[in-house]
Number of protein chains: 2
Amino acid sequence: MLNIGIIGYGGMGSYHHQQLIKEEDQVSVTGAFDIKVDRLDLARRNGIKTYHSLDELLRDDTIDAVLIATPNDSHKELAIKAMEQGKHVVCEKPAMMSVKELDEVLDVSKETGKTFMVHQNRRWDSDFLMIRDLYNQKQVGDLFQIETRVHGANGIPGDWRHMKVHGGGMLLDWGVHLLDQILFMVNSPIKEVSCDLSYVLGDEVDDGFIAYLTFENGVRALVEVGTTNFIKLPRWYVKGLEGTGVIYDWDLSNKLVKQTGAIDHHNLVPIKAGQGLTKTMAPPSEEAVTELDFPPVAADFPNFYANFYDVVVNHQEPVVKNEEVRRVLALIETLFDEAGQID
Amino acid sequence: MLNIGIIGYGGMGSYHHQQLIKEEDQVSVTGAFDIKVDRLDLARRNGIKTYHSLDELLRDDTIDAVLIATPNDSHKELAIKAMEQGKHVVCEKPAMMSVKELDEVLDVSKETGKTFMVHQNRRWDSDFLMIRDLYNQKQVGDLFQIETRVHGANGIPGDWRHMKVHGGGMLLDWGVHLLDQILFMVNSPIKEVSCDLSYVLGDEVDDGFIAYLTFENGVRALVEVGTTNFIKLPRWYVKGLEGTGVIYDWDLSNKLVKQTGAIDHHNLVPIKAGQGLTKTMAPPSEEAVTELDFPPVAADFPNFYANFYDVVVNHQEPVVKNEEVRRVLALIETLFDEAGQID
């Protein structure tokens, strides 16, 4: 069993404790430190030990590893300090503010022999696993266009996520998830990117973005995060050579249409569309398509914390590899550059 | 009354005759020429005079104007010939294969004093007029993101639209409509464009595209045509500073949500989304938003053919100005360039 101390018992830190870290994964939360007294009180009420200082937590020999769930700009220093004091590290995303920071941390991981692993938890999201299965199993042929969107209308919730110095903004906050999912799924180098950052809310950080990625294998990905969307577009919209799939929302409501017959171009019945007629945009005949179900899927890789245990104890391969984390961070830097953001 | 002779009595030519040209607009179809005998037979059955040759039609002094509804690569020669023989011209879209061709035609229009007007009929589409009204009347504040999509699953219907030499492909065929609508609505110079053309069907012309336009006034437009989409995304998706609007399909089904109260960031209830919790992507509280109706709208500009009559006879301003047509063609050329299409 690995004993974990949580650094930063805020929304995410306490969520790890209450929901994500399970004893059957051989990982157990035993303590926490937070700079806020009310969060420490909560941790205590939740039955774990609390510390008066970070150093006190790091000096505790019963703690094997720490979870870092603090604002993004503090991850580097905390991770380095923890590893130097002999702790393995699970780090919330985005792992670091830059590739450069990550490289410093990875150097320390190498020197100390301590595991550093980033909690890219959305690799286990069911909606993503359904799309990934469609990508791998090709139920509607090779997917060549993948649109992944997360839409909300609440702007940026009011805390450090508003602030550039803390690594706020939607490209870092949500973009890191969507980009990590895409790169984890599409096993091909990126050929071209474009990106547009949104600043309509007047924050100093982006309140959303649209990015468009072209992979060398031909796949295109449109990746969008919006916090000013009072109506949502579907969470996933994907096109395969033989059909189209949609997952509408977190409830996993979905639709999957497969072309099962030839399109009879010469007998298409044109439809009235606005002021014109169109055959091109007429629906295909009913015989030409079939509606399928998205197959139920489970991850074909272990749970995050079960894997963390195996990485630390049994030297197995991590599901979230640091070179993958590095690639996503490098892509985010490229997207910021491409969008012309001024540092 | 202006008498019109139709050159090319195919799908569009006959549709003009049967549906679009109305006597109350003081325009009347009196004749037609087509190179196909069966189309001439149809014209005759539809009660108009048919000609044995183009020259015969152009020599007929009872014909005031021609409608050119032939493949795109023939428009230039036909328009020039008709104007030189004293006829005004209505030309189907895309008007020409290039800005250069259009400029030649406009020179002849100037020399001969004959009207040349392009049938950008989708400026009168109800879905477009509803969005244009939202843009102008600001029912959900200034629109800053406009997504316009036309999705079908039939590929490119089987005729000259497959062929590059005839000016086929979706950027020219449907793109010209969507881009014309956007430029007609958003009165601002374009600052930046990006474009990706789709060639998944193996045609020599594009079977769809995604373009992203940034205007100097800050508006962004995502313009997409797809012919491999077995499930449609909404026809229009627009974001204003105070809400979001969607028109789903040609049937004008729609949704309009306006922010009517402040978003209370500190009391947002996080939702479970996949493996995580999110406040950012939680729905706004019910008190913060109101669902409105898209107001019914009619065009605040005359019908195409009534306007054509007034342009020819009363020297009024055309609704479809040739400089606007030129701007759209120039944009299409830029998009082809940007997408790296090889001529």
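The values are calculated or read from the model by the stated rules, or taken from the named source; none is laboratory data. In this text, all values refer to a predicted model and were calculated from it rather than measured experimentally. Don't worry about glycine lacking a Cβ; one is built from the backbone with ideal geometry, like all the others, and counts go over all protein chains shown. Surface accessibility is based on the protein's heavy atoms, side chains included, excluding ligands, DNA and RNA. Shrake-Rupley method; radii C 1.70, N 1.55, O 1.52, S 1.80 Å.
If only residues of region B:259-270 that are open to solvent by less than 50 Å² (accessible area, probe 1.4 Å) and at the interface with chain A (Cβ under 7 Å from one of its Cβ atoms) are counted, the one that is nearest to A:Gly155 (Cα to Cα) is B:Ile263. Out of A:Gly245, A:Gly274, one residue alone is of a type outside the set (A, V, I, L, M), more than 7 Å from every other protein chain (Cβ to nearest Cβ) and either free of Cβ contacts under 8 Å to residues at least 60 places away in the same chain or under 16 Å from A:Arg132 (Cβ atoms) (or both). It is A:Gly245. Tallying residues that are crowded, with 20+ Cβ neighbours inside 10 Å, within 12 Å of chain A (Cβ to nearest Cβ) and assigned to a helix (DSSP H, G or I) within region B:155-174 yields 4.
Within region A:61-74, being charged (D, E, K, R) and touching a Gly at 6+ places or on another chain (Cβ under 7 Å) holds for one residue alone: A:Asp73.
Against the definition (closer than 21 Å to B:Tyr237 by Cα and open to solvent by less than 60 Å² (accessible area, probe 1.4 Å)), how does A:Leu256 come out, yes or no? Judged against the criteria, A:Leu256 is not a match.
Conditions tested, residue by residue: (1) open to solvent by less than 20 Å² (accessible area, probe 1.4 Å); (2) farther than 20 Å from B:Asn307 by Cβ; (3) among the small types (Gly, Ala, Ser); (4) not assigned by TED's automatic domain parsing to the domain that holds B:Ser109.
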position	(1), (2), (3), (4)
B:Gly11	no, yes, yes, no
B:His16	yes, no, no, no
B:Leu20	no, no, no, no
B:Phe33	no, yes, no, no
B:Leu57	yes, yes, no, no
B:Thr62	no, yes, no, no
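When the residues of region A:66-87 are filtered to those that are outside any helix (DSSP H, G or I) and over 24 Å from A:Leu172 (Cβ atoms), the one that is most open to solvent (accessible area, probe 1.4 Å) is A:Gln85.
With the condition kept exactly as written, say whether any residue in region B:277-296 is in the same structural domain as B:Tyr237 (by TED's automatic domain parsing), in a helix (DSSP H, G or I) and acidic (Asp, Glu). Yes; the residues of region B:277-296 include at least one that is in the same structural domain as B:Tyr237 (by TED's automatic domain parsing), in a helix (DSSP H, G or I) and acidic (Asp, Glu). Apart from one condition, B:Ser98 fits all of (1) surrounded by fewer than 20 Cβ atoms within 10 Å (Cβ to Cβ); (2) modelled with pLDDT of 95 or more; (3) away from chain A (no Cβ under 14 Å); the exception is (2). Of the residues making up region B:284-293, those that are open to solvent by 20 Å² or more (accessible area, probe 1.4 Å) and either more than 40 Å from the chain's Cα centre (by Cα) or more than 7 Å from chain A (Cβ to nearest Cβ) (or both) are B:Ser285, B:Glu286, B:Glu287, B:Thr290, B:Glu291, B:Leu292, B:Asp293. Summed over region B:186-211, residues that are under 25 Å from A:Ala211 (Cα atoms) and either crowded, with 17+ Cβ neighbours inside 10 Å or more than 12 Å from every other protein chain (Cβ to nearest Cβ) (or both) total 17. Inspect region B:302-322 for any residue being within 11 Å of another protein chain (Cβ to nearest Cβ) and either assigned to a loop (DSSP other than H, G, I, E, B) or not acidic (Asp, Glu) (or both) and give the result as yes or no. Taking every residue of region B:302-322 in turn, at least one turns out to be within 11 Å of another protein chain (Cβ to nearest Cβ) and either assigned to a loop (DSSP other than H, G, I, E, B) or not acidic (Asp, Glu) (or both).
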